[in-house]
């Protein structure tokens with residue numbers, strides 16, 4: 001059995017490639033932190049698979065990779081998961097200056113067959129949009145009362161934070177990673193509201209040119225993202241740093257940003273508070289809700305993509321196809 005069977009960091013370059021401190025910093029910045037965490041996890045899974053078969057994970061054996069894909073597919077792994085596993089292997093081998101075995105003919109043919117056979121549409125988060133969104137906003141508590149004698153009611157910071165989260169996430173069509181990464185310094189005042197500058201995103205990982213998202217002043221104050229931000233930051237005493245933060249049991253904003261996992265739980269909690277089943281929803285429901293609702297309101301795909309920053313207009317169709325299927329459909333008029 002090969003000696004080298006331990007999970008290795010897929011970011012690592014070969015041992016014979018010495019790097020200066022400056023080079024090391026840029027190498028570490030070559031991929032987003034979330035991507036690297038996923039790659040490390042996927043590489044560890046590959047090493048585990050190799051270990052059970054006495055194979056060398058660094059051998060670059062195309063036959064082993066194609067069999068690995070077959071085993072994953074037969075075990076019920078999603079096409080999305082398998083695609084990421086392939087990307088992790090590709091990145092690891094290239095980082096070691098090795099020929100890319102994932103591009104071998106047998107691997108690409110097997111992969112094409114898997115995608116054709118198992119490429120069912122992936123489950124997407126349900127869009128959170130009016131009227132449900134308005135019910136969720138209304139259910140966010142405004143006042144917090146205390147059992148402690150002598151402590152008067154206070155503005156509920158978690159409720160103010162949740163309103164800002166919901167409105168900024170929806171109107172800004174923001175990804176979960178973008179919501180948690182927001183700093184107050186990323187927001188600039190404008191006559192029409194606020195402009196959010198996003199230094200890096202899923203489609204702009206190099207950060208060569210910040211992406212701009214507008215948050216317009218709304219005519220209805222309880223539904224205005226700008227007012228929600230101002231209320232939250234004023235109550236929480238936030239003058240710089242992370243915009244969305246955890247709130248302590250003592251009703252104090254903590255000096256750190258929310259993590260991505262907490263964001264999903266928060267969105268589900270706000271939905272449940274409105275008496276709606278939270279299981280189909282996640283933080284991505286806000287972005288999906290914007291795209292779907294804007295389409296139903298008559299916005300063009302290009303206008304929607306201007307805010308959502310989708311590079312492919314075809315991708316937008318994935319959000320609205322389900323709703324369009326119900327429009328002017330004879331199946332709803334059968335009277336059965």
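Condition check for residue 282 on (1) in a loop (DSSP other than H, G, I, E, B); (2) surrounded by fewer than 19 Cβ atoms within 10 Å (Cβ to Cβ); (3) touching a helix residue (DSSP H, G or I) at 6+ places or on another chain (Cβ under 8 Å): one failure, at (2). Regarding residue 89, is this residue under 30 Å from residue 161 (Cα atoms), within 27 Å of the chain's Cα centre (by Cα) and part of a helix (DSSP H, G or I)? It is false that residue 89 is under 30 Å from residue 161 (Cα atoms), within 27 Å of the chain's Cα centre (by Cα) and part of a helix (DSSP H, G or I).
Does at least one position in segment 213-223 carry a residue that is in a strand (DSSP E or B), surrounded by fewer than 21 Cβ atoms within 10 Å (Cβ to Cβ) and in contact with a helix residue (DSSP H, G or I) (Cβ under 9 Å, 6 or more places away or on another chain)?
The initial filter retains those residues of segment 213-223 that are in a strand (DSSP E or B), namely 213-216.
Checking which are surrounded by fewer than 21 Cβ atoms within 10 Å (Cβ to Cβ) leaves us with 214, 216.
Applying the additional criterion that residues be in contact with a helix residue (DSSP H, G or I) (Cβ under 9 Å, 6 or more places away or on another chain) yields 214, 216.
Checking segment 213-223: at least one residue is in a strand (DSSP E or B), surrounded by fewer than 21 Cβ atoms within 10 Å (Cβ to Cβ) and in contact with a helix residue (DSSP H, G or I) (Cβ under 9 Å, 6 or more places away or on another chain).
Of the residues making up segment 259-279, those that are surrounded by fewer than 22 Cβ atoms within 10 Å (Cβ to Cβ), assigned to a helix (DSSP H, G or I) and over 16 Å from the mean Cα position of the chain (by Cα) number 3.
In segment 298-307, which residues are at pLDDT below 90 and either assigned to a helix (DSSP H, G or I) or within 24 Å of residue 162 (Cβ to Cβ) (or both)?
The initial filter retains those residues of segment 298-307 that are at pLDDT below 90, namely 298-306.
Those that are at pLDDT below 90 and either assigned to a helix (DSSP H, G or I) or within 24 Å of residue 162 (Cβ to Cβ) (or both): 301, 302, 303, 304, 305, 306.
Of the listed requirements (1) in contact (Cβ under 8 Å) with a residue 24 or more places away in the chain; (2) surrounded by fewer than 16 Cβ atoms within 10 Å (Cβ to Cβ); (3) closer than 30 Å to residue 73 by Cα, residue 138 misses just one: (3).
The values are calculated or read from the model by the stated rules, or taken from the named source; none is laboratory data. What you see is a predicted model, and the numbers here were worked out from it, not measured in a lab. As a convention, Cβ positions derive from the backbone with ideal geometry for all residues, glycine included, and neighbour counts pool all protein chains shown.
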